[in-house]
Each structure stands twice: as C-alpha cells, then as structure tokens.
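The values are calculated or read from the model by the stated rules, or taken from the named source; none is laboratory data. The model shown is predicted, which means the values in this text are computed figures rather than measured ones. Using ideal geometry, Cβ is built from the backbone for each residue, glycine included, and neighbour counts are taken over all protein chains shown. SASA here: full protein model, heavy atoms, side chains in, ligands and nucleic acids out. Shrake-Rupley method; radii C 1.70, N 1.55, O 1.52, S 1.80 Å.
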Amino acid sequence: MDHRFKSLVRQYFLLSLTILTLTLSANGNLVAQTKDTPATTQKMTPTELQTFGRQIQEIVSSQNPDKFRALFDWKTFVNRVLSEYEQNPAVKQAIQSIRLQLETSYTGSNEGIDTEILTEIVNGGDYRFLGMRKEQDQYKVIFRFLTPDGSLNYHALIIEKQQSGELKIIDIDNFSDGELISQSLKRLYLPEIYKAHLSVKDKLNQQEISRIVNQKKRYDFLTTSDEKSDPFQAYKTLPKQYKMEKPVLLLLAHDTIAKENQKKYLQVLNVFRKNYPSDLAAELLSVEYFYLIGEFTSALESLDRLSDALKSVDPYLYSLRAEILIETGDINLAGKYAGKAAEIEPNLLHPYLNLINISVMQSSFDDTVKTLGTLKTRFGINLEDLDLSELENYSKLMNSPEFKKWQASLKK
C-alpha cells in the first residue's frame, strides 16, 4: 500500500533541479577557486561568520529588500562575472554595455539575486542558516533553500571582509547545479560576449580566440532546447576541457532521467562521483530519482552521501530519511527521524506531515490529533487541507474516540 500523502507530503518531498530563474548550468564547484577570487582575503573568525549568517537569515525572514541588498558587494560580484574577459583592453571596451547592464541591475534598484531569493520567501519559501566553513581561502556560510513548491537546494554564500571590517556577500555557490551564480550569469551573457570578441577579432591572440570559440561550443551544448537532440552525440564534439564539468555531466544525467534510461543514468552518476566524490549536486538529484523509481536503498545511500557532503546538520534531511523509511516499512525508525527533525527545527513543516502518516499507520491516534493541532496552530493548515484518505488505518482514525474528541473541540 502507498503510505505517502498523495498531495501535500509528496509536494514537500520532491527535489528541484533549478531554483533561481536566472540560474543556468555552467561550471564550478563548492571548493573550486575562480580566476576572479582574490589570492588572499582578510581573515574572519568563526564567531564573525556565524553572526553574519544569522544576520542574513534574520533579514531574509523580515523580507526587507533594502537591508538584504546592502549585504552584497555588487561591484565585486560584477567583476567576478566579467573580469576574465576584461584582461584584453579591446574586449573590455567592446563589452562595456554588458558591464553597464549588470551594474545597473545589481548596484541599482533593479531585480537581482537578492530579489529572486526574497520573492520565494514572500511566497512561502524558507532560507535557513546551517553553518559556516573555510575552504581554500574562501569563507562561506551555508543555507538551506526551500521554495514554496517544496523544492530543496543549498547555497554557500561566499563572504569577504571589506577594509572597513564589514562582511559582505560576493557570490553564491548554487549547490543543485554545482556552480557559482556569477558563472551562471557569465554564460547567460555569453552570446553577447562572443559577439563582442568577434567585433575585435583582429586584436585577439590565438589563445583568446580559441577560448571564446570553445566557450561558445559549451554554451550551445548546455542550452540546446531541441527535445529530439541527443546530448550524448553532441558530447562527443565538446572540447575536451569541458567534458568532465559538472553542468555537462548533470545535463547528461537529466537526459537519461527524461528518457527513463536507468542504466545510462548510473553510468553518468558513476563518472560524476569519480570526478566529484564529495559534491552535493548529483546526490540532490539522485535522492529524488531513486525515490521516485522505488529504489529506496539507493535513495538512502544517496542521502547518506548528501548529508556527509553538506558537513552541516540539516533537520530537513532527517525528515527526508523518514519519508524514505516509511516506504521501506521501517516505521519505528522513520518515527525517530521525523521526531528528531521536529525537535531540532520546530517550525519546519515536513516532519509533522510524516509524523501524522506514521501515527495513523501505528494507530497512535492521540499522537495524530496532537500533530494535527500543531499543524493548525503553528502552520495554519486545517484538516481539509490534507489528503489522508489513502493512509492505512484511515477509517479507524475517523471513527476513533481521540479523533472525534478533537473534532468536537474545534467547534467550541
């Protein structure tokens, strides 16, 4: 029997492949340095980073766009997008309009990364500070990003200390795509950048010409929208330096999922893990994929890898584990994980939905009505908002003294 909630719990379980509308798959990874990253950065203490992480969460939760925008160093962010191309004076001049457009968007009052995130929060999403770390001279604060439709992602906000001593966000590593948002924007603007290079072709050396031509080939590979095309064939013609990039491998993985080719998916996944053994992108994808095809052992193994790679405790992953364990029939262990998630993060909805499921299956109707009460008072979710009819012991719940007493109390 299917023990899942057919609508609400399933909605909160499904993992998203894309979070921000501006985000396109490019290259990069959690621990990779970029050419735009300073060789040295001013040191920060763990206390400073933790305080700043909590400040970010508070400001996002307050939905204050001006304060959130002020947390970013937009000048540095724009430099990270364009500085690779501005080493050549002729190219720098040719892409001035692109720089102006970016600066207007990100240093002015137009929409940017901050607006994208806040829009999701206003519509019911959640941005939760999980921890901080230092990797290869980069300081980062880690956030869980839950969107209103139940999509899960993680962000590593890259932090830099200004000369004034202030901490600022200079970029965001988008875990689900394994890329920096500055890299996403770089490729978003690549057609215009490519044209600018062509306009000053006589002032470029052979290395610069080869680089932009190859980048255009990568752009074309990653942005092909023809559903009939075979990316595995196109992959053969991709320049060698891009063949093992994460976005390239993820695109191949998405294609195998769309075409329901599990064998090929596993082949791509093995290549990804071999090249990026501690990366979250493939595991975020695999937890959902294996769950949906009923390979629950593989889903749990991917969840283990995801938890290890995250290097921070996330109660949401405890709740996801409970969701999968329900499917395996290990109800007692599922209850322990769901309860642990609710205990650590009382305002997280997902574990309570699992707890209802578990308590009904175990005929623990006192626990069921208690959790239903929590849903109503804490989250504003009423009984009619849930589809419980497919749950095992549903009829017993409806006819139980505990449930009838709870219903009567609502009418008072």
Residues being in contact with a strand residue (DSSP E or B) (Cβ under 9 Å, 6 or more places away or on another chain) and either of a type in the set (Asp, Glu) or not in a strand (DSSP E or B) (or both) - total across the range 136-147: 1
Being touching a residue at least 60 places away in the same chain (Cβ under 8 Å), touching a Pro at 6+ places or on another chain (Cβ under 9 Å) and within 29 Å of Ala196 (Cβ to Cβ) is the requirement here; does Glu84 meet it? no
For the range 164-206, name all the residues that are among the charged types (D, E, K, R) and part of a strand (DSSP E or B). Lys168, Asp171, Asp173, Glu179
Cβ contacts < 9 Å: first residue within 14 Å of Gln362 (Cα to Cα) and among the charged types (D, E, K, R), restricted to the range 387-404; second residue at pLDDT below 90 and not in a helix (DSSP H, G or I), any location; separation 6+ or different chain. Result? Glu392/Met1; Glu392/His3
So Arg133 fits all but one of (1) assigned to a helix (DSSP H, G or I); (2) surrounded by fewer than 18 Cβ atoms within 10 Å (Cβ to Cβ); (3) touching a residue at least 60 places away in the same chain (Cβ under 8 Å); what number is the exception? (1)
Would a scan of the range 210-226 turn up a residue that is open to solvent by less than 10 Å² (accessible area, probe 1.4 Å), within 25 Å of Thr51 (Cα to Cα) and in contact with a helix residue (DSSP H, G or I) (Cβ under 6 Å, 6 or more places away or on another chain)? no
Restricting attention to the range 338-377, which residues are touching a Pro at 6+ places or on another chain (Cβ under 9 Å) and open to solvent by 60 Å² or more (accessible area, probe 1.4 Å)? Lys340, Glu343, Ile344
Could you tell me whether any residue of the range 327-334 is among the small types (Gly, Ala, Ser), in contact (Cβ under 8 Å) with a residue 24 or more places away in the chain, buried (at least 20 other Cβ atoms within 10 Å of the Cβ) and in contact with a helix residue (DSSP H, G or I) (Cβ under 9 Å, 6 or more places away or on another chain)? yes
Being modelled with pLDDT of 90 or more, open to solvent by 30 Å² or more (accessible area, probe 1.4 Å), under 29 Å from Leu252 (Cβ atoms) and of a type in the set (D, E, K, R), is that true of even one residue in the range 116-130? yes
